[in-house]
Amino acid sequence: MLTYEHSIETSASTTAIWRVWSDVDAWGTWNPDIEKVEIDSPFAADEIGPQLGPAITADFPDTMAALVARAQR
């Protein structure tokens with residue numbers, strides 16, 4: 001099982017963070033690494049297999065900083 005932890009301080013509310021995070025179509029506006037995203041089911045929390053974890057979390061600090069910056073607007 002993969003375990004990864006990252007934290008960031010923000011004045012943005014959890015509601016603001018979730019609103020930005022769950023707006024999948026707008027991810028490319030605050031995360032320059034995303035060229036295209038498609039989702040074919042409702043956005044929800046999910047478990048990701050350990051084989052994908054390192055690839056997904058490599059840029060997580062930068063991704064979270066961009067998410068927080070967008071939510072603080």
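Once the other residues with Cβ under 15 Å from the Cβ of ILE17 are scored (Lys, Arg +1; Asp, Glu -1), what is the net sum?
Residues near ILE17 contribute +1 overall.
On the beta carbon distance between GLU38 and ASP62, with R0 = 25 Å, the FRET formula returns roughly 0.65. Each residue of segment 23-28 was assigned a 3J(HN,Hα) from its phi angle through the Karplus curve 6.51 cos²θ - 1.76 cosθ + 1.60 (θ = phi - 60°); the sequence is 8, 4, 4, 9, 3, x Hz, with glycine and proline shown as x.
Please give the peptides 8-17, 32-41, 61-70 ranked by average Cβ packing (other Cβ atoms within 10 Å per residue), highest first, as a rough proxy for protection. Mind dumping the intermediate values first?
Numbers: 8-17: 12.4, 32-41: 8.0, 61-70: 16.3.
Per-residue mean Cβ counts within 10 Å order the peptides as 61-70, 8-17, 32-41.
Values in this text are rule-based calculations from the coordinates and carry no lab data. Quantities reported herein were computed from a predicted structural model and do not represent experimental measurements. Positions of Cβ are backbone-derived with ideal geometry, glycine not excepted, and every protein chain shown enters the neighbour counts.
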